[in-house]
Amino acid sequence: MLYQIKYSLLLVLMVTLSSLYSAEISNTEVDDLICFIRAGETEKAINLLEKNSFLAEIELFNDGITALHLTIEYQNYELVERLLKYNIPIDAQTTSGNTALHIASSLNNSLFALLLLEHNADPNIRNSSFETPLHTATRYNNPDTIKTLLGYGTTEIDAQNYKGYTSLHFAAQKGYISIVKILLENGANRRSKDKQGNIPLHYAFESGNLKTIALLLEGDKEQLSIKNEFNKTPFDISIKYGIVQILNVIDRELRKKI
C-alpha cells in the first residue's frame, strides 16, 4: 500500500515536471512568434507554425490575444491567410471581448474583415462594451468596412451597446455623413432610442452637422417631436446649442424632395 502511494506521488511529480518543461518550451516559442509577427517576419512565423501548429490556437498574452488578433493588428494579410488554414477559434475573444473581426473593423482596410467573414467569422459578437464589429467600424469611420459587414445579411444593423447606442447614433454624433447614408440605405432604424431615450437626431443636432441632420430628417420630420428621458426633443437640443436658425433651411431642402 505504501509502495503504491509512493509510486503514485512519483508519477504526479514526473507529470508536473514534464508540464513545466513543456510550458518553458512553449513560452520560448510564443515569444518567438510574437516577435516574428511584430517584425513582419512572415516566413519565420510560418515556419514556426508549421513546426508547432498549436501556436495558432493558444493565447499569446494574458489578455486573451491570439496570433490571429495580433497578426490582424499588424495588418499582415499573408500571415492571416495562413493562420486561417489551421484549426483556430476564429471568434476567440480577448479579455475585453474583442474578436479578430472587431480588430479588423478598426482598420482602414476592409480586406481583413472580408477575409474573416469569408471564413465564417460571426459579425454579431459583442465585446465588454456590448459593441459589435459594426460599432467598431463606425467608431473608426471606416465606411468600406461597414459596407463589407452589411454585405453579409446576418449583421445586426441596429445592435445596441451598453448605453443603447446603435451605429447610427455613433455616426450621427460624429457627423460621419457617408456612414449615416450607408446605414440608412441599409435600413437602419433612425428612431432607435438609447438608454436616455435619445434618437440619432438628438446627437446630430448636438454636433450641429447640417448634412447629417438633413439626411436623418428626410421623409420623417416628425422625429423633431420625439422626446428623450429628460423630456427634450431634438428641436430643444437645437435651441440649446444655438442652431435653431438652420431648421428653416433644412425644411426648405426637404420640401424640394417631396
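The values are calculated or read from the model by the stated rules, or taken from the named source; none is laboratory data. None of the values given here were measured: they were computed from a predicted structure. Note that we place each Cβ from the backbone using ideal geometry, even for glycine, and neighbour counts take in every protein chain shown.
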- Message: Kindly evaluate Leu134 against the criterion of being closer than 21 Å to Ile199 by Cβ and of a type in the set (A, V, I, L, M).
- Response: yes
- Message: For the stretch 89-177, give me every one of the helices (runs of 4 or more DSSP H) that falls completely inside it and has 2 or more residues that are of a type in the set (S, T, N, Q).
- Response: 133-139, 143-150, 167-174
- Query: Which numbered condition trips up Ser22, out of (1) at pLDDT 95 or above; (2) more than 30 Å from Gln160 (Cα to Cα)?
  - Reply: (1)
- What tally of residues in the stretch 183-208 results from selecting those that are out of contact with any helix residue (DSSP H, G or I) (no Cβ under 8 Å at 6 or more places or on another chain), closer than 22 Å to Tyr162 by Cβ and of a type in the set (D, E, K, R)? 2
- Message: Can you pull out every residue in the stretch 80-105 that is surrounded by fewer than 19 Cβ atoms within 10 Å (Cβ to Cβ), more than 12 Å from Ala67 (Cα to Cα) and among the hydroxyl-bearing types (Ser, Thr, Tyr)?
- Response: Thr95, Ser96
- Among (1) closer than 24 Å to His169 by Cβ; (2) crowded, with 18+ Cβ neighbours inside 10 Å; (3) more than 14 Å from the chain's Cα centre (by Cα) - the single one Thr145 does not satisfy: (3)
- Can you name the residue in the stretch 178-224 that is part of a loop (DSSP other than H, G, I, E, B) and of a type in the set (A, V, I, L, M, F, W, C) and is also farthest from Leu150 (Cα to Cα) among such residues? Ile199
